[in-house]
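Below is one structure, written out as structure tokens; comments come after it.
Readers should treat all values here as calculations from the given coordinates under stated rules, not as data from a laboratory. On a predicted model such as this, the values are computed, not experimentally measured, just so you know. Positions of Cβ are generated from backbone atoms using ideal geometry, with glycine treated the same way; all protein chains shown enter the neighbour counts.
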Amino acid sequence: MAKTRYSATPIVEFNKRMVYGLYKEPVWITNAKKQDFVDFYVTSDLEGRADLISTILYNNPSYYWVLIVVNKPIDPMNWPKAGQVIKTLQTQIVLANA
């Protein structure tokens, strides 16, 4: 199976269709150790732009979801805020697993 953010999420039948069930985060994020995380300071030009932060950290805007899964913001559409320190996973871990 291809590695995606939904790899650990079960597929279930709903209304005679196969769909993803309740989201389950990938094991490689769940099993990450404290030393696997790095703090990242959000500047004003990166406010609300998890995709740009993902590009800076992982050279790929599509990995924005890793930041959201790791930080679990209440409002991911307006996250992160300038001046906030967010958790990120080390680049080599994301590139090896995402």
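When the charge dipole of the chain is built from unit charges on Cβ atoms (+1 for Lys and Arg, -1 for Asp and Glu) and taken about the Cα centre, the candidate among Ser62, Tyr20, Gly48 whose Cα reaches farthest toward its positive end is Tyr20.
The helix-only estimate of mean residue ellipticity at 222 nm for the chain, built from DSSP H runs of length n ≥ 4 each weighted as -39500 (n - 2.57), is -7000 deg cm²/dmol after division by the residue total. GNM remark for the chain: springs join alpha carbons under 10 Å apart, and the peak mean-square fluctuation among Val12, Val69, Val42 falls on Val12. Over 20 Å between Cα atoms, which of Lys24/Lys81; Lys16/Lys72; Lys33/Lys81; Lys34/Lys87 qualify? Listed pairs above 20 Å: Lys24/Lys81; Lys16/Lys72; Lys33/Lys81.
Please work out the FRET efficiency for the pair Glu13 and Asp45, using the Cβ-Cβ distance as r and a Förster radius of 35 Å; give the result to the nearest 0.05. Efficiency at R0 = 35 Å is approximately 0.20. What you get for the chain, charging only the Cβ of Lys and Arg (+1) and of Asp and Glu (-1), is a dipole of about 340 debye around the Cα centre.
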